1. State whether one or more residues within the stretch 132-153 are in contact with a Gly (Cβ under 8 Å, 6 or more places away or on another chain), of a type in the set (Val, Ile, Thr), within 17 Å of PRO242 (Cα to Cα) and in contact (Cβ under 8 Å) with a residue 40 or more places away in the chain.
2. Name the residues in the stretch 207-232 that are open to solvent by 90 Å² or more (accessible area, probe 1.4 Å) and farther than 19 Å from LYS162 by Cβ, would you?
3. For the stretch 52-63: of the residues being free of Cβ contacts under 8 Å to residues at least 12 places away in the same chain and not charged (D, E, K, R), which is least open to solvent (accessible area, probe 1.4 Å)?
4. Kindly indicate whether GLY560 is out of contact with any strand residue (DSSP E or B) (no Cβ under 6 Å at 6 or more places or on another chain), farther than 29 Å from GLN420 by Cβ, open to solvent by less than 10 Å² (accessible area, probe 1.4 Å) and in a loop (DSSP other than H, G, I, E, B).
5. Among the residues in the stretch 596-616, are any closer than 25 Å to GLY352 by Cβ, in contact with a Ser or Thr (Cβ under 6 Å, 6 or more places away or on another chain) and touching a residue at least 60 places away in the same chain (Cβ under 8 Å)?
6. Identify all residues within the stretch 586-595 that are more than 20 Å from ARG493 (Cβ to Cβ) and open to solvent by 10 Å² or more (accessible area, probe 1.4 Å); write none if there are none.
7. Could you tell me whether HIS359 is in contact (Cβ under 8 Å) with a residue 60 or more places away in the chain and open to solvent by 40 Å² or more (accessible area, probe 1.4 Å)?
8. Condition (residue is crowded, with 20+ Cβ neighbours inside 10 Å, in contact (Cβ under 8 Å) with a residue 40 or more places away in the chain and touching a Pro at 6+ places or on another chain (Cβ under 8 Å)) applied to the stretch 279-289: is it met by at least one residue?
Amino acid sequence: MIPIDLERLRAAYQTALSALLAERTPDGFWVGELSTSALSTATAVGALSLVQKAGHGTYDSLINGGLMWLASNQNADGGWGDTTKSFSNISTTMLCRAAFHLAGAAPRFALALSKADNYLHSKFGDTPAQIAEAVRARYGKDRTFSVPILMTSALAGLVEWKEVPPLPFELACFPQSWFRFLRLPVVSYALPALIAIGQAVYHHRPPWNPITRIIRRLAVRKSLRVLESIQPSSGGFLEATPLTSFVTMGLASIGQAGHPVARRAVEFLAQSVRPDGSWPIDSNLSTWLTTLSINALAAAGALESLDRKEKLQHWLVAQQYKQRHPYTGADPGGWAWTDLPGGVPDGDDTPGALLALSHLPWVDAYENGVMQGLHWLWRIQNGDGGWPTFCRGWGHLAFDRSGSDLTAHAMRALGLWFKQWMEWDLVPTEFRIYRLLKLNDRQQKIFWPIVCAIPRGVAYLAHQQRPDGSWLPLWFGNQHAPNDENSTYGTARVLAAYRDLQLMDCEQAKRGISFLLGIQNPDGGWGGAANTPSSVEETALAVEVLLDAGPNAEHSTEKGLAWLVEQVESGGLHNPTPIGFYFAKLWYFERLYPIIFSVAALGRALRRVSRRPPADPT
């Protein structure tokens, strides 16, 4: 099966495994390192500049450090991308340009600004109105990101306030349970932006309708109280620099730079700056990376390499939310992406945590948490059979709808725990219904819904499969692919669910396998789509799932493994690529992704080799 020397494969795997284990903290979990971000740096500089102008502190060193970093990391075409490896885009370039103006530093950085202006005018129009329209067109009906960008530009005097769409911040005064029916113009996690930026637009451009004006004036104080109530103790909304900065700018622009929310937000920004003067997109993805790492080690058959398992297990259980979340109103039982206060329980990290716990030694004391997590996951399944990120039923905007990758992840977790607690593989077919009927009331409360949820998820995935056999993910993309899509990631993640549920022989899985085989690059690797540059992350994801795709996939898997081993040998584990989305079309890369995904792929390959019967000597 494998055209490379077995020792090379084993050595590459050991290199990846050692790299992954070396990244653990003394407490046994992983923190990783998110990419530094021009967009985050620009928004932080803008926020600190406005607060300083309002007389609420002096932040010259942070502002100047951020400006110097931006000037040093401008792309050759004059624009800025979200990360240091990203193509220039209108959003980040607009925000970077605004940062220099908000800081009063335009004369000092005239050359950088001239290049940025040339980039914007050559691609998006000669007038501020044309550029503003290009921003709105990029995001369509979703105002989560277009309004903050245009607000920042208006505060910097680069566009007129009439170009900034209003946000109905008064809706934040309604009970959380109503939000899914109100059809807010921002996604569920952007409630702080709805309030603070909505108030800024209202302040600088009051609505012409007198009734709307009265309603919004009456909602100012109450919505600010809502904003204060949902701010985490760290001060950072979602632990995200851009969202926290946008809220701060909105408040500072309406005379609220001294508001408690703004003060705590500024403290968060001051504490999260990096030594080089830049800011990351988010504080960390510690819970997500820890569960990915545990699950990769399980796929590789290397859980014995983990010491301090009990300590790790205790840490992971401690990250489960035990109370209703004040931000989204999520029920207790879910997990977020981080161990920090700004996290929000979601439909991707919760199945990741449940899968990880299933691979660690069972502790009776944790049964309640697992049962609650399974119940939480089942409860957020949407009516279409798929799983959303944060909230059931929000579905009309991009990051609130059901996602194929989220649905596949949820189905894997539900299916695995169902099999483990039911010992399903050990029960003869004719006795399985009897086994279900013997469950106690508490178990039936969990497992009967699971029995119904998984087939609904399978039906959703079948409906979401594209004509070419692929699936698209919600939170991952590829900047080289059309429309920034990443069909490799999405298809590999869905096929992992089909594999774990023993459905690889179904028609949808076969079409997905054929799609992956058809987009492999001539060099043996995979990118995010056909004819895109190969990456360690995408190749490892494709290889891991194709290892269980049958004889027709063996040749492609061999080539993929060979490419992956060569990358490990040449240091490719330490060359992450921007494949993650954080908010709408906001890119990031994570230093641990290529390491984690390679451990799973190379380790699973070695396990298959060790199980292979000896070759026939004849």
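1. yes
2. Taking the stretch 207-232 first, the residues open to solvent by 90 Å² or more (accessible area, probe 1.4 Å) are 208, 211, 213, 217-218, 221-222, 225.
Listed by number, the residues that qualify are ILE211, ARG217, LEU218, ARG221, LYS222, ARG225.
3. Of everything passing the filter in the stretch 52-63, GLN52 is least open to solvent (accessible area, probe 1.4 Å).
4. Criteria not met by GLY560.
5. Yes, the stretch 596-616 contains a residue that is closer than 25 Å to GLY352 by Cβ, in contact with a Ser or Thr (Cβ under 6 Å, 6 or more places away or on another chain) and touching a residue at least 60 places away in the same chain (Cβ under 8 Å).
6. ARG591 - this is the single residue of the stretch 586-595 that is more than 20 Å from ARG493 (Cβ to Cβ) and open to solvent by 10 Å² or more (accessible area, probe 1.4 Å).
7. Yes; evaluated as a whole, the condition is true for this residue.
8. yes
The values are calculated or read from the model by the stated rules, or taken from the named source; none is laboratory data. All figures in this text were calculated on a predicted structure; none of them were measured in a lab. Note: ideal-geometry Cβ built from the backbone for every residue, glycine included; neighbour counts use all protein chains shown. Please note that ligands, DNA and RNA were not included when accessible areas were found on the heavy atoms of the full protein model with its side chains. Shrake-Rupley method; radii C 1.70, N 1.55, O 1.52, S 1.80 Å.
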